[in-house]
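Written below as structure tokens is the structure these notes are about.
The values are calculated or read from the model by the stated rules, or taken from the named source; none is laboratory data. Not measured: the values here are computed from a predicted model. Positions of Cβ are backbone-derived with ideal geometry, glycine not excepted, and every protein chain shown enters the neighbour counts. Just the protein is used for accessible areas: all its heavy atoms, side chains included, with ligands, DNA and RNA removed. Shrake-Rupley method; radii C 1.70, N 1.55, O 1.52, S 1.80 Å.
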Amino acid sequence: MTTSVQEIGNKKPLFSKLLGRRMLACATVGLVLIAFFVIAAGDGNPAWGKYWRIKPLVLTPLLCAMVGLCYDITEPLRKIAGWRGNVLFVLSIIGLLMGIWMSLILGLNGTMWD
């Protein structure tokens, strides 16, 4: 087996050009959702501490941005033609929603999620 220089130069990039936008969009969705829960909680439980809101408001958008990264990595799978591509598209959307949900749970762990 021989490898030519042309084969090495034609490698596809791992990340798409939309990586930053996807990560920012997921982080924004996570921030909006967690802000809703944190604001709706009012003062919260005194056992949580005075600055209990900081952890969810920082952790959840970061985790949601990582979910956006995972969604971006699956882009070549979503571009497959035919029914397989459609199934993979639906699975990647389900994975995206589950990832955002798990980010909310991890952000609220120890406070509202006991």
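Please list 68-75, 56-63, 93-100, 38-45 highest first by mean number of surrounding beta-carbon atoms within 10 Å per residue.
56-63, 68-75, 93-100, 38-45
Computed over the chain, the alpha-carbon pair-distance distribution with 5 angstrom bins reads 2, 12, 17, 16, 13, 11, 9, 7, 5, 3, 2, 1, 1, 0, each value a whole percent. Where in region 95-114 does the label zone of ALA47 land, with the point 7 angstrom along Cα→C-beta and an amide N cut-off under 11 Å? What the label zone holds, given the 11 Å backbone N cut-off, is 111, 114. In the chain, the calculated helix contribution to ellipticity at 222 nm averages -22000 deg cm²/dmol per residue, counting -39,500 (n - 2.57) for every DSSP H run with n ≥ 4.
In the context of the full set of protein chains, residues of the chain present 72 Å² of accessible surface per residue (probe radius 1.4 Å, heavy atoms only).
Measuring with a 1.4 angstrom probe and ignoring ligands and nucleic acids, ARG84 comes out at about 150 Å² accessible.
Over region 20-114, what percent of the accessible surface lies on carbon and sulfur atoms, probe 1.4 Å? Please list the in-between numbers first.
Numbers: 4600 of 6100 Å².
Here carbon and sulfur together make up 75 percent of the probe-accessible area.
Rounded to the nearest 20, the Cβ-based charge dipole of the chain about its Cα centre (Lys and Arg +1, Asp and Glu -1) stands at 320 debye. As I understand it, the value is the acute angle between the Cα axis of helix 54-73 and the longest principal axis of the Cα atoms of the chain; what does it come to in degrees, rounded to 10? With both axes taken from Cα atoms, the answer is about 20 degrees.
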